[in-house]
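Asks: Got a structure for you, questions after.
The values are calculated or read from the model by the stated rules, or taken from the named source; none is laboratory data. As the structure is a computational prediction, the values presented were derived from the model and not from experiment. With ideal geometry, Cβ positions are generated from the backbone for all residues, glycine too; neighbour counts draw on all protein chains shown.
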Amino acid sequence: MNIFTKKIFKKLQEFLFCITVFLLMFLCGPVWSEPEGPLKLPKVEGSKSFDLEISQINSLAIKKYQQGLFENAAENFKKALTLAQQLRDPSQGILHFNLSLSLHKSGNHEEATEQFYAAQRFARGNPKILESELLKMHACGFNPSISCEKKVPLSMNIEGSH
């Protein structure tokens, strides 16, 4: 092989390597998926419409959450949840879920677990709530009768849970 052919062969190898890496990244997307975050309220669910004030408070809380102000976000999610409970608004599952995420991020795992259970109860079939990995980890991390598929971080365990 002459020098020119060797250079072309080397470039072809580099190109194939890059394509392989890209395809692996693309096919393994769920491994690098985004962490769970708070949910926005839909405008309408079935025949029920969501209260505008609750939606605005939820949006404000989401902004606080995204800024890393998890305790402030939790306070706002609690306000929205109280209002939703008073009005029997269909947003309760989403609000419990959002509150549980904020409590989790704040390190308040016991209360987060209670809110995850409430979110599950009021989920109204919402797959983002029902299939939440954090919800599952909290459920098995605090209930020894539930077996965990994944290892729960020590920071989420409380005395007597495992």
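Asks: Criterion first (part of a helix (DSSP H, G or I), at pLDDT 95 or above and buried (at least 17 other Cβ atoms within 10 Å of the Cβ)) does Leu60 satisfy it?
Replies: For Leu60, the condition - part of a helix (DSSP H, G or I), at pLDDT 95 or above and buried (at least 17 other Cβ atoms within 10 Å of the Cβ) - is not met.
Asks: Quick one: is Phe116 among the aromatic types (Phe, Trp, Tyr), within 22 Å of Ala139 (Cα to Cα) and either touching a strand residue (DSSP E or B) at 6+ places or on another chain (Cβ under 7 Å) or surrounded by 21 or more Cβ atoms within 10 Å (Cβ to Cβ) (or both)?
Replies: Answer is yes for this residue.
Asks: If a residue must be under 15 Å from the mean Cα position of the chain (by Cα) and crowded, with 17+ Cβ neighbours inside 10 Å, how many such residues does region 63-72 contain?
Replies: Adding up the residues that qualify gives 2.
Per-residue answers, yes or no, for (1) without any contact (Cβ under 8 Å) to a residue 40 or more places away in the chain; (2) touching a strand residue (DSSP E or B) at 6+ places or on another chain (Cβ under 7 Å); (3) surrounded by fewer than 17 Cβ atoms within 10 Å (Cβ to Cβ); (4) of a type in the set (A, V, I, L, M):
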{"site": "Ala74", "(1), (2), (3), (4)": "yes, no, no, yes"}
{"site": "Ser91", "(1), (2), (3), (4)": "no, no, no, no"}
{"site": "Ile94", "(1), (2), (3), (4)": "no, no, no, yes"}
{"site": "Ser100", "(1), (2), (3), (4)": "yes, no, no, no"}
{"site": "Gly107", "(1), (2), (3), (4)": "no, no, yes, no"}
{"site": "Ala112", "(1), (2), (3), (4)": "yes, no, no, yes"}
{"site": "Ala123", "(1), (2), (3), (4)": "yes, no, no, yes"}
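Asks: Go through region 87-100 residue by residue and tally those that are closer than 13 Å to Glu71 by Cβ and at pLDDT below 95.
Replies: Residues that pass the stated criteria total 0.
Asks: Tell me which residues, restricted to region 115-151, are in a helix (DSSP H, G or I), under 13 Å from the mean Cα position of the chain (by Cα) and at pLDDT 90 or above.
Replies: Phe116, Ala119, Pro127, Lys128, Ile129, Leu130
Asks: I'd like the full set of residues that are polar (S, T, N, Q), assigned to a helix (DSSP H, G or I) and under 18 Å from the mean Cα position of the chain (by Cα), limited to region 77-114.
Replies: If the condition is that a residue be polar (S, T, N, Q), assigned to a helix (DSSP H, G or I) and under 18 Å from the mean Cα position of the chain (by Cα), then Gln92, Asn98, Ser100, Ser102, Ser106, Thr113 are the ones that fit.
Asks: Which residues, counting only those in region 76-89, are of a type in the set (S, T, N, Q) and surrounded by fewer than 18 Cβ atoms within 10 Å (Cβ to Cβ)?
Replies: Correct list: Thr82, Gln85, Gln86.
Asks: Just to verify a result, which residue in region 1-38, among those that are modelled with pLDDT of 75 or more and touching a Leu at 6+ places or on another chain (Cβ under 9 Å), is surrounded by the fewest Cβ atoms within 10 Å (Cβ to Cβ)?
Replies: For region 1-38, the residue satisfying everything is Gly37.
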